[in-house]
1. Which one of these does I178 not meet: (1) in a loop (DSSP other than H, G, I, E, B); (2) among the β-branched types (V, I, T); (3) surrounded by 13 or more Cβ atoms within 10 Å (Cβ to Cβ)?
2. Which numbered condition trips up A34, out of (1) within 28 Å of I190 (Cα to Cα); (2) aliphatic (A, V, I, L, M); (3) surrounded by 14 or more Cβ atoms within 10 Å (Cβ to Cβ)?
3. I'm trying to understand the selection: among the residues of segment 152-169, which are in a helix (DSSP H, G or I) and either open to solvent by 20 Å² or more (accessible area, probe 1.4 Å) or on the phi > 0 side of the Ramachandran plot (or both)?
4. Filter segment 117-144 down to residues that are assigned to a strand (DSSP E or B), at pLDDT 90 or above and open to solvent by less than 80 Å² (accessible area, probe 1.4 Å), then give me how many there are.
5. Which of the numbered conditions does A11 fail, given that it passes all the others? Conditions: (1) open to solvent by less than 100 Å² (accessible area, probe 1.4 Å); (2) over 30 Å from V161 (Cβ atoms); (3) assigned to a loop (DSSP other than H, G, I, E, B).
6. With respect to the numbered conditions (1) open to solvent by less than 30 Å² (accessible area, probe 1.4 Å); (2) not in a helix (DSSP H, G or I), which one is the sole condition not fulfilled by L78?
7. For K72, all conditions in the list (1) in a helix (DSSP H, G or I); (2) touching a residue at least 12 places away in the same chain (Cβ under 8 Å); (3) open to solvent by 80 Å² or more (accessible area, probe 1.4 Å) hold save one; what is the number of the exception?
8. Would you confirm whether or not segment 88-105 contains a residue that is closer than 20 Å to R12 by Cβ, of a type in the set (A, V, I, L, M, F, W, C), open to solvent by less than 30 Å² (accessible area, probe 1.4 Å) and in contact (Cβ under 8 Å) with a residue 40 or more places away in the chain?
Amino acid sequence: MTQEHEQSAPARSVLEALARAERAVFTRKIPQSARAKVEFLLTRTKASTKELAERLNTSRRTVERYRAGKLKKPQKKLQEALVRETESEWQPQVRAQARERAATSGGMWVECEAYFGFTANGSSDDGRVRYISTPISPTYVAQILTARDEGKTEEDLQPIVAEAIAESYFTDWGTRAIGLRADFTSVGYINLSF
């Protein structure tokens, strides 16, 4: 998938939206060619072509050929693995600073289309698809990032995001609709930004 296409296609999961938010804070472009990506990843694996081949789910010889420049255009599966692994290792300090800032003081911005159902005393507002754009507090950002780092699934992250949106958008930071709980399902798209 090309970068232009990826930017125009909306994220459909919280995990994907988090990955995109982190990529958006990069201060330099990731290596573009397959050879440059392989060279970069080899610096992270201490030049172990065996370890890199395992990470990319390919042969050691294939890694060596890309490193030498003998192969230039990877097949789709290998290209996706190269992009995924390069982005996961690219500018770790920049990503860590953005996560720290968002989890302690800055929060995040969430924009989504999803089905929201509600639970509250005396509520007459039935659930429906809503388009929402709102900030979420650093407390929830910290919970979301911690859950993701612990390997939690999309199903584990969605209730945290729903609670964050309910606090910010529906209850106006606790000043109205006290006790409202929102359920967040059938995500059409979701975008997060630091």
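1. (3)
2. Tallying (1) within 28 Å of I190 (Cα to Cα); (2) aliphatic (A, V, I, L, M); (3) surrounded by 14 or more Cβ atoms within 10 Å (Cβ to Cβ), A34 fails exactly one: (1).
3. Correct list: E154, E155, D156, Q158, P159, I160, E163, E167, Y169.
4. Matching residues across segment 117-144 total 5.
5. (2)
6. (2)
7. Of (1) in a helix (DSSP H, G or I); (2) touching a residue at least 12 places away in the same chain (Cβ under 8 Å); (3) open to solvent by 80 Å² or more (accessible area, probe 1.4 Å), only one is false for K72: (1).
8. No, there is no match, as no residue in segment 88-105 is closer than 20 Å to R12 by Cβ, of a type in the set (A, V, I, L, M, F, W, C), open to solvent by less than 30 Å² (accessible area, probe 1.4 Å) and in contact (Cβ under 8 Å) with a residue 40 or more places away in the chain.
The values are calculated or read from the model by the stated rules, or taken from the named source; none is laboratory data. All figures in this text were calculated on a predicted structure; none of them were measured in a lab. Backbone-built Cβ (ideal geometry, glycine too); neighbour counts: all protein chains shown. When the accessible area is computed, the model is the full protein with side chains, heavy atoms only, and any ligands, DNA or RNA have been set aside. Shrake-Rupley method; radii C 1.70, N 1.55, O 1.52, S 1.80 Å.
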